[in-house]
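Okay, structure first, notes after.
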Amino acid sequence: MLRDRMLLVALMLGSATTALVLVVLIPVLPMLAASFGGGSKGAALSQAVMTAPALGLITGGFISAVAIKALGARTLLIIGLALYGLVGSAGLYLSGSPSLLGSRFLLGVSASFVGISATALIAALYAPDARARLLGFKGALGSVGGIIGILIGGELGSIGGWRLPFAVYLVSWVLLALVLLGPRVQVKAPERIVTVGTGRLRVLWPFYVMIVAFGVVLMMTNTQLSFLLAEIGVNAPSAVGRIAVMASVGATIGGLSYGFVRARLSSGQCFVLVFAIWTAGLSILGFAHVPQTAVIGCVVTGAATGLFLPHMVTTLAAAADDGVRDRAIAMFYSAIFLGDFLNPLVVEPISEQLTRHGAFRAVAVFTFIAMIVAALGRFGRAGRQNKDYANGAL
């Protein structure tokens, strides 16, 4: 029984590894940019270090689909946790941007191994009712991990500069010990994941285009917020962390409220609400010139994120044919992380022309247009059309 609980703790906390990848360095991005020479070049390099794991998460997702079948979920989890601590802590001693970018890419790959294998084990080891509760709780723990990660990253950055927050990633070795001490269970991916055709998956491409685009929006409070705060005089990593963490607080609130919201609104109305909240939050940040306003903007923007992610998964799952639903959802995460990776490439040129505040306002315009499109019913009709097509009705 004790060994079973040790494994369960490791599986439940596995979601926090992905959250830590995306948030730990937020408070020290300006310090990292300064170490790369400052200016627009330093900012671009520091944001690349921040978003390189997103490309690794995309790559790791495709690797995991093959590796989990060949090795089993427990073995993949062990490999992922071991690699996560090794490459995640590399910033403690690596200096050059190429080596940092490489280690951060591998961190994303390892986080993908951990997340996918942990979810596969939970899905295989627990009955449907328990599985649903555990996966919901696992997601909440991911948000809590993000909150804690930002705060710890800020405090460590104040103590030891931009390098010390990289030590946070060593926590994966604690989870690794729990897995090794737990029961030896093995779960392999079902054959249908790799045997069904891809034709019905291709009809979902409009969803993935939209997901990539809003992946860029999702990362605004991760890659751009610390630079916006610097424009209003907030530079201390601990202070940046305390403000940035409010986006995770908002995401937690949004995620926990999704069931209540979805029970009362149609799918299209949910999209209207999400984009309206995003527009409000990004606009508040775009016009924030004091820390208190930035805190409000972070909470509101985070709430939109917390609502968008489960609603997009639910919408995609409803539109996908039964035979490709698993892969459709897996590709959702690859699309989200592709958008994350593209964020600095898209936003940095805008920031150079309009300042960081102007970039937030520009993205708010984009989400406002999306809100209008959703209000006209385009999102709902697209979902129904793809559902019909995937089922052979069209």
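Here the 3J(HN,Hα) profile of region 53-69, calculated from phi with Karplus coefficients 6.51, -1.76 and 1.60 at θ = phi - 60°, is x, 4, 5, x, 5, 4, 4, x, x, 5, 5, 4, 4, 8, 5, 5, 6 Hz, Gly and Pro shown as x. On full extension, the segment bounded by residue 2 and residue 287 gains 97.4 nm, given 0.36 nm per residue less the C-alpha separation. The residue 66 and residue 346 beta-carbon pair, evaluated with R₀ = 35 Å, returns a calculated FRET efficiency of approximately 0.70. Reported to the nearest whole Å, the Cα centre-to-centre distance from region 50-77 to region 297-319 is 24. Average projection, convex hull of the Cα set of the chain: 18.4 square nanometres. Across the chain, the mean sequence separation of Cα contacts (distance under 8 Å, 6 or more residues apart), normalised by length, yields a relative contact order of 23 percent.
Only helices enter the 222 nm calculation for the chain: every DSSP H run of n ≥ 4 contributes -39,500 (n - 2.57), and dividing by all residues gives -28000 deg cm²/dmol, rounded to 500. When the chain is treated as a Gaussian network with alpha carbon springs shorter than 10 Å, the biggest mean-square fluctuation among 15, 99, 117 belongs to 99. The gain in end-to-end length when the residue 230 to residue 375 segment is fully stretched comes to 48.6 nm, 0.36 nm per residue minus the alpha carbon separation. Each of 340, 4, 321 has some number of other Cβ atoms within 10 Å of its Cβ, and from fewest to most they run 4, 321, 340. Note on the chain: with a GNM built from Cα contacts shorter than 10 Å, the maximum mean-square fluctuation among 276, 294, 19 falls on 276. Phi angles of region 162-171 translate, via the Karplus equation with coefficients 6.51, -1.76, 1.60 and θ = phi - 60°, into HN-Hα couplings of 6, 6, 4, x, 5, 5, 4, 5, 5, 4 Hz per residue; Gly and Pro are given as x. Stretching residue 213 away from residue 365 to a fully extended chain increases their span by 53.4 nm, per 0.36 nm per residue minus the current alpha-carbon distance. The HN-Hα couplings worked out from phi for region 260-272 by the Karplus form 6.51 cos²θ - 1.76 cosθ + 1.60 (θ = phi - 60°) are 4, 5, 5, 5, 10, 10, 6, 4, x, 5, 4, 4, 4 Hz, whole numbers, x standing for Gly and Pro.
Would you list 69, 138, 41 from fewest to most Cβ contacts within 10 Å? Intermediate values should be presented prior to the final figure.
Numbers: 69 16, 138 19, 41 11.
Going from least to most buried by this count: 41, 69, 138.
Computed from the coordinates by the stated procedures, all read-outs in this text should not be read as laboratory data. Please read all numbers here as calculations on a predicted model, not as lab measurements. All Cβ positions, even for glycine, are placed from backbone atoms using ideal geometry, and neighbour counts span all protein chains on display.
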